[in-house]
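Heads up: the structure comes next, in structure tokens.
Readers should treat all values here as calculations from the given coordinates under stated rules, not as data from a laboratory. None of the values given here were measured: they were computed from a predicted structure. Backbone-built Cβ (ideal geometry, glycine too); neighbour counts: all protein chains shown.
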Amino acid sequence: MTNGIRLVLLGRQGSGKGTQAVRLAEHFDVPHISTGDMLRAAVKDGTEFGLKAKAVMDAGGLVSDEIMVGVVQERLAQPDAAGRGYILDGFPRTEAQARALEAITSTLPLEVVLNLEVAESEVIERITKRRVCRSCGRIYSVDTPPADDWTCDTDGGEVVQRDDDTEGAVRKRLELYAAETLPLVEFYRAGGQAVEVDGLGTPDDVFGRVIDAITVHQSA
Ligand SMILES: [Zn+2]
């Protein structure tokens, strides 16, 4: 078994970050902790910050940084993450969150912040080509459509473009990422934790590059 790792994953939507996160978690035998899952689990388990988050969300509000950092801290303190480490996906998103994360991980600091680099033009193309079955969620693309006129091969459902996947919606999210999250790469470069990997290619190709880059970083 490999040693564990304490890793944060950064990358634009459509960069293939989710796929690499799952593979990294398997490879290093650590939990894959995504923001959404973590928040849902905290609410379900009724943790201190889970209850605070629930109160805000039930009132239709957005969970503040303070509550989100509390949820992250609670999750990282659980035995699996505290023991071998974690792949943290979707947090931090801002420099303020990164500084808060630095504070709560001061005894066991982050080892690697992996930035999966895929150009904006490429992710726009990937996402705007995506089509999804309304009934089962199976994913297609303009390049790999269902056999029969946008009818799902699995269950005959209607295969459509999601509102979130239109070019305007994607560009809006990319602008937010460029403004809020991209500066984190510089922040972690300065801290010596940044590892940058080209995210173009098949998931296998990218994963090979990721592991090589982490190995080089850890032996440096
Ligand atoms: Zn379907």
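Using the number of other C-beta atoms within 10 angstrom as an exposure proxy, rank ARG75, ARG171 with the fewest first.
Arranged by neighbour count, lowest to highest, ARG75, ARG171 become ARG171, ARG75.
Can you give the charge dipole size of the stretch 1-56 about its Cα centre, rounded to the nearest 20 debye, using +1 on the beta carbon of Lys and Arg and -1 on the beta carbon of Asp and Glu?
Using Cβ point charges on Lys, Arg, Asp and Glu, the stretch 1-56 gives about 240 debye.
Which Cα, out of THR154, ALA178, VAL123, lies furthest along the positive dipole direction of the chain (beta carbon charges, K/R +1, D/E -1)?
Projecting each Cα onto the dipole axis, the largest value belongs to ALA178.
Below 12 angstrom from the Cβ of PHE49, what's the summed charge of the other residues (Lys, Arg +1; Asp, Glu -1)?
In short, -2.
Taking amide hydrogens as modeled 1.01 Å from N in the peptide plane, which residues meet the under 5 Å criterion relative to ASP153, leaving out close sequence neighbours?
Here ALA147 satisfy the definition.
Quick one: 3J(HN,Hα) in Hz for the stretch 189-198, Karplus 6.51/-1.76/1.60 with θ = phi - 60°, rounded, Gly and Pro as x.
For the stretch 189-198, the Karplus-derived couplings read 4, 4, x, x, 9, 6, 10, 10, 10, 5 Hz, x marking Gly and Pro.
Find the Cα radius of gyration of the stretch 172-214, compare it with 2.2 N^0.38 Å by division, and give the number to two decimals.
1.38
Please report the base-10 log of the normalised intensity I(q)/I(0) for the stretch 21-72, using a Debye sum with one equal scatterer per alpha carbon and no solvent, at each q in 0.15, 0.24, 0.31 (1/Å).
One equal scatterer on each Cα of the stretch 21-72 leads to -0.45, -0.83, -1.14.
Give me the mean projected area, in nm² to one decimal, of the convex hull enclosing the Cα positions of the stretch 145-220. The partial results should precede the final answer.
On the way: hull surface 31.5 nm².
With the hull built on Cα positions only, its mean projection is 7.9 nm².
Under the definition of Cα pairs under 8 Å and six or more residues apart, what whole-number percent is the relative contact order of the stretch 121-193?
The normalised contact order for the stretch 121-193 reaches 28 percent.
Taking the Cα centre of the chain as origin, sum charge times position over the Cβ atoms of Lys and Arg (+1) and Asp and Glu (-1), and report the length of that vector in debye to the nearest 20.
In total the dipole reaches around 420 debye.
Can I get the semi-axes of the stretch 1-106's equivalent ellipsoid? Compute them from the C-alpha gyration tensor as square roots of 5 times the eigenvalues, in angstrom, largest first.
That gives 23, 16, 13 Å for the three semi-axes.
Would you please calculate the Kirkwood hydrodynamic radius of the stretch 119-167 over all C-alpha pairs and express it in Å, rounded to one decimal?
Kirkwood radius, the stretch 119-167: 10.9 Å.
Checking the cross-link filter: which lysines have an alpha carbon closer than 26 Å to that of LYS172, excluding same-chain neighbours under 8 positions apart?
Within the straight-line cut-off, LYS172 pairs with LYS17, LYS129.
For the chain, what is the calculated [θ] at 222 nm in deg cm²/dmol (nearest 500), taking -39500 (n - 2.57) for each run of four or more DSSP H residues and dividing by its residue count?
-14000 deg cm²/dmol
Would you mind checking the tilt of helix 203-219 against the longest principal axis of the Cα atoms of the chain, expressed as 0 to 90 degrees and rounded to 10?
With rounding to tens, the tilt is 10 degrees.
Whole-Å semi-axes of the chain's equivalent ellipsoid, largest first, each the root of 5 times a Cα gyration tensor eigenvalue?
Details: eigenvalues 179, 105, 61 Å².
Semi-axes (√(5λ), whole Å): 30, 23, 17.
Given Cβ point charges of +1 (Lys, Arg) and -1 (Asp, Glu) and nothing else, what value in debye, to the nearest 20, does the dipole of the stretch 116-212 about its Cα centre take?
For this selection, approximately 260 debye.
With θ taken as phi - 60° and the coefficients 6.51, -1.76 and 1.60, list the Karplus ³J(HN,Hα) couplings across the stretch 94-101 in order, rounded to whole Hz; mark glycine and proline as x.
Values, residue by residue: 10, 5, 4, 5, 5, 5, 5, 5 Hz.
How large is ³J(HN,Hα) for each residue in the stretch 161-172, as worked out from phi by the Karplus curve 6.51 cos²θ - 1.76 cosθ + 1.60 (θ = phi - 60°), to whole Hz, x for Gly and Pro?
8, 6, 4, 5, 9, 6, 4, x, 5, 5, 4, 4
What does the charge count near GLY168 come to, summing +1 for each Lys or Arg and -1 for each Asp or Glu among other residues with Cβ under 13 Å from its Cβ?
-1
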